[in-house]
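To start, the structure under review is shown below, and the notes come after it.
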Amino acid sequence: MAESDAVSRHSNRSPGGHSGRYPSVSAWLHHVPQTLRALVRADELWLVVLAALVGLLAGLCVVAMSEGTQLAHRFLFDLPARERLSGQAEITGLRGILVMGVGGLIVGVFSWWAARRWPRRAIDPIEANALHGGRMSLNDSLIVVAQTVLSNGCGASVGLEAGYTQIGSALASRAGRMFKVRRADLRLLVGCGASAAIAAAFNAPLAGAFYAFELVIGTYALTSLAPVVVAALVAVSVTRTLLPFEPGFDLRLPSAIDAVNYLPILSLGMVCALMGIALMRGVTLTETAFRRSRVPNWMRPAIGGVIVGGLGLITPQVLSSGHAALQIGLDAPYTLAQIGMLIVLKSLASAISLGSGFRGGLFYASLFLGAMVGKLFAGLLAVLTSAAMIPPVVCALVGMSAMAVAVVGGPLTMAFLALETTGSLPLTVAVVAASVLSSITVRRSFGYSFATWRFHLRGETIRSAVDVGWMRNLTVGRMMRREVRTVRADTSLASFRRDVPLGSTSTVVIVDEAGRYKGLVLVSEAHAATDPQGMLGDLLHDSGVSLVPQMTIKEAVQQFEAAESDALAVVDTREAGRVVGLLTEQYALRRYTEELERRRRELSGE
């Protein structure tokens, strides 16, 4: 008995000598991933910790991409240390054309090779959250990052912000899938990645957070505030630690803005909205022109690079994203002719860069163009009124924000960016007014931001990151009843009444001799028919009207309304007509209502 007790005690111990009640270190380490997944799914605090990790990774990526492109600029354009390309007075000789041409060729060849190797199109954060529940491919995103760094590194007039948000959101999506978080939490993490990227890029955590809410998550909820803000704060801490000498705006701003000045400020918001629409249209027209030319895809960036390099010989301020050009231009004493020239050249450089095949965004280009439009507006206003009603720097900052709202979207994002970069509350109020009017003008007259406009050109209908992907996932194939009884059309009513009594089912699917769908028969009608020798084919309903498994819930409901039927058969394909299921309108509407209620609870944080 004692021996058996000893054996029992020994068997309850781990190989390391610990009691089975307390697992060994090796066993605990083996179960860490599963344990952490359970913690993240069960406790909001651990989701915040995961968001902080996302912020750390996004901040490191922003620093690496920024420093990598700066190093390329210094090497390729022979720049002094800590100076930016767009802040130079001139580019030596034909260096700009040569670098841009060769760089464009490298970008074109790399894009051609990547398209052959990975033919899938990369999904950006807005599309991922709107259609795919936050699922993004990290490999595809790394290709986008490489294309963006190459494009900006050789001097193309594109910003790195699109690459920042792409890699930040993709890392967040990968982390969320590793921890098997829920769909709503995965979308939130993607927003955390975008928030961290923008916050790190502009040293503005509030602007980064509201960029995520307005553009990537699509809604604001109190439960999502902590993860998004923590990710932004961690990313900003990383960039401030690793890049402590990044210059900011040093401007003299008025302590108050008179109420009478808000009328021209609102007018400036509308002007910037129209300029933003023109810029987005210009990119599309340039891209169409390159596509209609017979130049191969891999050669187009080289041609575009030569053209942009030529523009850079006139003024280097049109090259790259324009950080230094914006800092210089906000307070520089430009003439109206010089400002007009900068607006035209920068617009052309950005449109040609993106239209020819360089990869990047218009965020910083819209900031620079908006600032110049604001200064031009202030100058013209002073000429017309013979008095400087509003300081040019105020118009520049208001125009910068309004133009960015027109192109990128997010009025609160730009309001917080203005507040964090200037610290001026009166200016922020003016920015909010102009940005809201700019947003309304674009929404009513154009309807898209630059990102959603690109989706529209590809045939997508989404206009924001609000989750509509669940509607595409809720297909007829997932909702239909697969156990469906079929009866041949040449069956007699007497035989049918014998085999299918009243109350057994309400609807029967009718097929022909080859098993192809013919229509539906109501069991009550078949039993009420006066001619017992008649055929089922004489009582058909919805002949030729059917659903297919790939249809979405929206398409199915439209089909029910058009057919005015309570139930429809589901066939494998229209051509084959093989019955695979049956779907009732009542069940489809119930499932639709349940999903709507689930989304409402997610948005309200229940």
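Read-outs: derived from the displayed coordinates by stated rules, not from any lab. On a predicted model such as this, the values are computed, not experimentally measured, just so you know. All Cβ positions, even for glycine, are placed from backbone atoms using ideal geometry, and neighbour counts span all protein chains on display.
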What are the ³J(HN,Hα) couplings of segment 56-63, residue after residue, when phi is run through the Karplus curve with 6.51, -1.76, 1.60 and θ = phi - 60°? Round to Hz, x for glycine and proline. 4, 5, 5, x, 5, 5, 4, 4
Give the percent of DSSP beta bridges with both residues in the chain that are antiparallel, rounded to the nearest 5. 80
Using Cα pairs under 8 angstrom and six or more residues apart, how large is the relative contact order of segment 259-466, in percent? 27
Would you work out if segment 470-602 is rounded, prolate or oblate? Take a ≥ b ≥ c from the square roots of the eigenvalues of the alpha-carbon gyration tensor; rounded if a/c is under 1.5, else prolate when a/b is larger than b/c, oblate otherwise. prolate
Under 8 Å for C-alpha pairs, at least 6 residues apart: give me the relative contact order for the chain, rounded to a whole percent. 15
Would you pull out the residues with amide H under 5 Å of Val570's amide H, same chain only if 5 or more places away, H placed 1.01 Å from N? Leu547, Val580, Gly581, Leu582, Leu583
What whole number of Å gives the distance from the Cα centroid of segment 180-242 to the Cα centroid of segment 70-143? 24
Short version: ³J(HN,Hα) in whole Hz for each residue of segment 187-192, in order, from phi by Karplus 6.51 cos²θ - 1.76 cosθ + 1.60 (θ = phi - 60°), x for Gly and Pro, what are they? 4, 5, 5, 4, x, 4
Let me know the shape class of the chain, please: from the alpha-carbon gyration tensor, a ≥ b ≥ c as square roots of the eigenvalues, rounded when a/c is under 1.5, otherwise prolate if a/b is greater than b/c, or oblate. prolate
Between Thr593 and Trp112, what is the FRET efficiency for a Förster distance of 45 Å, r being their Cβ-Cβ separation, to the nearest 0.05? 0.40
Using only the Cα atoms of segment 259-466, build the gyration tensor, take square roots of its eigenvalues as a ≥ b ≥ c, and label the shape rounded, prolate or oblate: rounded if a/c is under 1.5, else prolate if a/b is larger than b/c, else oblate. oblate
Taking the highest mean first, how do the peptides 340-351, 396-407 order by number of other beta carbon atoms within 10 angstrom per residue? 396-407, 340-351
Counting helices only, and only those DSSP H runs with n ≥ 4, report the 222 nm mean residue ellipticity of the chain as the sum of -39,500 (n - 2.57) divided by its residues, in deg cm²/dmol to the nearest 500. -20500 deg cm²/dmol
Taking Rh as the Kirkwood radius computed over alpha-carbon pairs of segment 36-242 and applying Stokes-Einstein at 20 °C with viscosity 1.002 mPa s, one gets a diffusion coefficient in µm² s⁻¹ of 122
Among 316-324, 63-71, how do they line up by average Cβ neighbours within 10 Å per residue, starting with the highest? 316-324, 63-71
Distant-in-sequence amide H partners of Thr507 (H built 1.01 Å from N, under 5 Å): Val523
Based on other C-beta atoms within 10 Å, arrange Met389, Met479 from fewest to most. Met389, Met479
Explain nothing, just the number: relative contact order of segment 477-606, from Cα pairs under 8 Å at least 6 residues apart, as a whole percent. 25
Distance between the C-alpha centers of segment 316-334 and segment 383-433? Whole Å please. 17
